[in-house]
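Enquirer: One structure coming up, written as structure tokens, with questions to follow.
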Amino acid sequence: MFIVMEPSSSRRDVDRILDVLTGMDAVGYACHGATQRVIEVLEAGAGLDRGRLAGLPAVARVVDEPLGVLGARGGAERETCPVPLGSRAAVGGQRVVVIAGPCSVEDEGRLVEAANAVAAAGAVALRGGVFKPRTSPYSYQGLGARGLEMLGRVREQTGLAVVTEVMCSEHVEPVRAVADVLQVGSRNMHNTPLLKALGEQDRPVLLKRGWSATLEEFLMAAEYIRQAGNPRVILCERGIRTHERYVRNTLALAVVPEVKRVSDLPIIVDPSHGTGRADLVAPMSRAAIACGADGLLIEVHPVPSRAWSDGAQSLDVAAFRELMAGLGPLAAACSRSL
Ligand code: PEP
Ligand code: MN
């Protein structure tokens, strides 16, 4: 059980509730988050009076589920709070944004080629991993600091915002020096020390869904970042693991309207990791926009057959250009722009 305090509540209000709990022979744990104060009732006996707790001053509501702490309501959608994507765009507004680029940064020539191509086709941000979370230790692990320098130079040359992954707290400082958005990969969605470290940053965070995470776990991971002080979180649906074998992951698009109902966070969709197949990226991109996604994260490589990682799911430049050309009218039909 969680006692959610009013936004205007103080530490003293919380202390008063803790005293009341003690008087009810119960034990409370207080979290003074940046977004709200919440008391978890850790243990309680027969004396716990839920109705009385709900009516105490400074108490907003008493809920049983973590999602209730977020203020999730049935019925109407909540308003999405846009998160900046560099200085020229935001995720979660009227405009659907596209972040595109190679899975991994490989060399500067290819990175520049990919960046120029995605910018020309209408992407507002460049993606590219330099710290790569690979399944096998024998697979390419990324260029590290050298790749960050390349991203920094390409950002200057093209004006594209840069999105790249951090895998541990030690990556946060060097990555924030060049990136506009810090990405948390699927494998790290449950890494709460990393989420807390990102909560102490002012830089927006792109949080990818863990491949076996429920929506509640996904939203609570975002809450770790927000309650530590950084409200700028962009959710990214990238598919979950199911029994299916014809795709790498099962893209769970129903999460998009559900996030719109229960959360104020923007959500984008990654049809590349979400399917693992280049031929499915365009249809699933269109489906994502149709169901209300605020943006797309798409892997694009100048020569996918030669990519050092994830070539099978990467679009070449021509396919990306063609996809983008079709997305504008689709966005317009959904009362959005691209
Ligand atoms: C990525 O976007 O580069 C990536 C590794 O994706 P995920 O964490 O979703 O597997
Ligand atoms: Mn990839």
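Enquirer: Which ones in segment 307-324 are more than 15 Å from ligand 2 (Cβ to nearest atom) and over 19 Å from I268 (Cα atoms)?
Expert: D316, V317, A318, A319, R321, E322
Enquirer: Restricting to helices (runs of 4 or more DSSP H) lying wholly in segment 180-282: which have 3 or more residues that are closer than 21 Å to S314 by Cβ?
Expert: 271-275
Enquirer: Report every pair of residues separated by at least 6 positions or lying on different chains whose Cβ atoms are under 7 Å apart, first residue within segment 265-285 and more than 17 Å from C103 (Cβ to Cβ), second more than 14 Å from ligand 2 (Cβ to nearest atom) and open to solvent by 30 Å² or more (accessible area, probe 1.4 Å).
Expert: P266/P82
Enquirer: Let me ask something else. Do any strands (runs of 3 or more DSSP E) entirely within segment 1-99 hold 2 or more residues that are under 19 Å from the mean Cα position of the chain (by Cα), and if so, which?
Expert: 83-85, 89-91
Enquirer: Would you check which residues across segment 283-309 are away from ligand 1 (no atom under 13 Å from the Cβ) and outside any loop (DSSP other than H, G, I, E, B) and list them?
Expert: Once the filter is applied, which keeps residues that are away from ligand 1 (no atom under 13 Å from the Cβ) and outside any loop (DSSP other than H, G, I, E, B), segment 283-309 yields P283, M284, S285, R286, A287, A288, I289, A290, G295, P304, S305, R306.
Enquirer: Look at G199 and say whether it is touching a Phe, Trp or Tyr at 6+ places or on another chain (Cβ under 7 Å) and open to solvent by less than 10 Å² (accessible area, probe 1.4 Å).
Expert: Judged against the criteria, G199 is a match.
Enquirer: Something else: Taking segment 204-229, which residues are open to solvent by less than 60 Å² (accessible area, probe 1.4 Å), under 29 Å from M5 (Cα atoms) and without any contact (Cβ under 8 Å) to a residue 60 or more places away in the chain?
Expert: If the condition is that a residue be open to solvent by less than 60 Å² (accessible area, probe 1.4 Å), under 29 Å from M5 (Cα atoms) and without any contact (Cβ under 8 Å) to a residue 60 or more places away in the chain, then V205, L207, R209, A213, L215, F218, A221, A222, I225 are the ones that fit.
Enquirer: List pairs: first in segment 39-65 and over 14 Å from D13 (Cβ atoms), second part of a helix (DSSP H, G or I) and of a type in the set (A, V, I, L, M, F, W, C), Cβ under 6 Å, 6+ apart or cross-chain?
Expert: Cβ pairs passing all conditions: V62/L53; V62/A54.
Enquirer: Checking D202 against (1) in contact with a helix residue (DSSP H, G or I) (Cβ under 7 Å, 6 or more places away or on another chain); (2) more than 13 Å from ligand 1 (Cβ to nearest atom); (3) of a type outside the set (S, T, Y), which test does it fail?
Expert: (1)
Enquirer: Which residue is nearest to the chain's Cα centre (by Cα), if the candidates are limited to segment 133-161 and must be touching a residue at least 60 places away in the same chain (Cβ under 8 Å) and closer than 23 Å to V98 by Cα?
Expert: A161
Enquirer: Next up: Taking only segment 31-45 into account, find how many residues are open to solvent by 30 Å² or more (accessible area, probe 1.4 Å) and either touching a helix residue (DSSP H, G or I) at 6+ places or on another chain (Cβ under 8 Å) or modelled with pLDDT of 95 or more (or both).
Expert: Here the count works out to 10.
Enquirer: Return the total of residues in segment 104-124 being assigned to a helix (DSSP H, G or I), under 16 Å from R321 (Cα atoms) and either open to solvent by 30 Å² or more (accessible area, probe 1.4 Å) or in contact with a strand residue (DSSP E or B) (Cβ under 6 Å, 6 or more places away or on another chain) (or both).
Expert: Here the count works out to 7.
Enquirer: Moving on. Please verify whether R277 is under 23 Å from the mean Cα position of the chain (by Cα), within 16 Å of ligand 1 (Cβ to nearest atom) and open to solvent by 60 Å² or more (accessible area, probe 1.4 Å), treating the condition exactly as stated.
Expert: yes
Enquirer: Does segment 250-265 contain any residue that is within 16 Å of ligand 2 (Cβ to nearest atom) and modelled with pLDDT of 95 or more?
Expert: Checking segment 250-265: at least one residue is within 16 Å of ligand 2 (Cβ to nearest atom) and modelled with pLDDT of 95 or more.
Enquirer: State whether one or more residues within segment 32-43 are under 21 Å from P204 (Cα atoms) and among the polar types (S, T, N, Q).
Expert: Yes, that holds for at least one residue.
Enquirer: Given the structure, is A293 in contact (Cβ under 8 Å) with a residue 12 or more places away in the chain, of a type outside the set (D, E), away from ligand 2 (no atom under 16 Å from the Cβ) and open to solvent by 30 Å² or more (accessible area, probe 1.4 Å)?
Expert: Spelling it out, it is not the case that A293 is in contact (Cβ under 8 Å) with a residue 12 or more places away in the chain, of a type outside the set (D, E), away from ligand 2 (no atom under 16 Å from the Cβ) and open to solvent by 30 Å² or more (accessible area, probe 1.4 Å).
The values are calculated or read from the model by the stated rules, or taken from the named source; none is laboratory data. What you are looking at is a predicted structure, and each value in this text was computed from that prediction instead of being measured. Glycine gets a Cβ as well: all are built from the backbone with ideal geometry, and neighbour counts include every protein chain shown. Heads up: the accessible areas ignore ligands, DNA and RNA and are worked out on the full protein's heavy atoms, side chains in. Shrake-Rupley method; radii C 1.70, N 1.55, O 1.52, S 1.80 Å.
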